[in-house]
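Novice: The structure is given below, and queries will be raised subsequently.
Read-outs: derived from the displayed coordinates by stated rules, not from any lab. Quick caveat, the model's predicted, so the values are computed rather than measured. Ideal geometry is used to build each Cβ from the backbone, glycine not excepted, and the neighbour counts take in all protein chains shown.
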Amino acid sequence: MRALFLLLVLANVGFFAWARYVSPADGAADPLPLTRQIEPEKVKVVTPNELPASAPAPAPAKTPTANAAPAAATPAPTPVALKCMEWGSFTIADAPRAEKALEPLALGPRLAHRRTEETAGWWVFIPPQGNRAAAVRKAAELKALGVDEYFIVQEAGPYRWSISLGVFRNEDAAQARLGTLRDQGVRSAKAAPRELVVPKVWLQVKNVDAPLQARLKDTARTIEGSELRECAP
């Protein structure tokens, strides 16, 4: 009996020594006491519900597609519309006065002349004075009244030594001219029909923009009976 007791004691001592000092197998629990572990106070057992959610994966960067609409292009400035304007028509004698009226506009090479022949149906005139000397005296009286647009008719015929004060395409224009002359003090002038071909001059201005067109309109008003209109460039 005593021998059996001693055998049990030795067996227990041997098991204790094996469990204490022999290296455990892979996957066995750490045989070291808790006090020998690194910072054991920070070790915490958590449940699955306490695990932090993983951060969502960043969205892939968008790449431009071939069908993307291009950026709107800046519209090109609208080109300025330029015109050709002509002012007239003037007799050969009246054209220099019209040209002088255009001098403040400094048109330079943009100004050109277009000669035509027109059939005048009406004219304003002072009847024949009998001879050249009398016609010259009457012309001097007109000039003293401020009338500069006139010429002495010298061709042979019933109107020789008369003084023409303008030829017009219609009666209305002739009567308007006659009214202006009477306001200036001319009493002997008349308006009458007369069919004749008269050489005329149109003053053409190229590359006219809106501001210049406005100034041309103002200038055209200074000569009664004249017309400002568009022409082919």
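Novice: Mark the label point 7 Å from the Cα of GLN154 along Cα→Cβ and return the residues of segment 187-208 whose backbone N is within less than 18 Å of it.
Specialist: Those under the cut-off are 199.
Novice: Short version: ³J(HN,Hα) in whole Hz for each residue of segment 132-142, in order, from phi by Karplus 6.51 cos²θ - 1.76 cosθ + 1.60 (θ = phi - 60°), x for Gly and Pro, what are they?
Specialist: Running phi through 6.51 cos²θ - 1.76 cosθ + 1.60 with θ = phi - 60° gives 5, 4, 5, 5, 5, 5, 5, 4, 5, 5, 4 Hz.
Novice: On a full-extension model of 0.36 nm per residue, what is the gain between ALA144 and THR74, subtracting their alpha-carbon distance, rounded to one decimal in nm?
Specialist: Gain in length upon complete extension: 18.8 nm.
Novice: With a cap of 16 neighbouring Cβ atoms within 10 Å, and only residues DSSP puts in a loop, list the trypsin sites (Lys or Arg not before Pro) found in segment 123-160.
Specialist: ARG160
Novice: Using a basic spin-label model with each label point 7 Å from the Cα along Cα→Cβ, how many nm lie between THR222 and VAL136?
Specialist: The modelled label-to-label distance comes out at 3.1 nm.
Novice: So if each residue of separation counts as 0.36 nm, and I subtract the Cα-Cα distance between ASP183 and HIS113, what length gain in nm does that give?
Specialist: So the extension gain works out to 22.0 nm.
Novice: On a full-extension model of 0.36 nm per residue, what is the gain between ALA101 and ALA81, subtracting their alpha-carbon distance, rounded to one decimal in nm? List each step's numbers first, then the result.
Specialist: On the way: separation 20, 0.36 × 20 = 7.20 nm, distance 2.50 nm.
Gain in length upon complete extension: 4.7 nm.
Novice: Decide, for segment 137-183, between rounded, prolate and oblate: order the square roots of the alpha carbon gyration tensor eigenvalues as a ≥ b ≥ c, take rounded if a/c falls under 1.5, and otherwise choose prolate if a/b is larger than b/c, else oblate.
Specialist: The shape class here is oblate.
Novice: Could you sort out which of LYS83/LYS217; LYS100/LYS190; LYS143/LYS217; LYS138/LYS217; LYS143/LYS206 sit more than 25 Å apart by Cα distance in this structure? Write down the numbers at each step before the final one.
Specialist: Details: LYS83/LYS217 14 Å; LYS100/LYS190 28 Å; LYS143/LYS217 27 Å; LYS138/LYS217 33 Å; LYS143/LYS206 34 Å.
Violating the 25 Å Cα-Cα cut-off are LYS100/LYS190; LYS143/LYS217; LYS138/LYS217; LYS143/LYS206.
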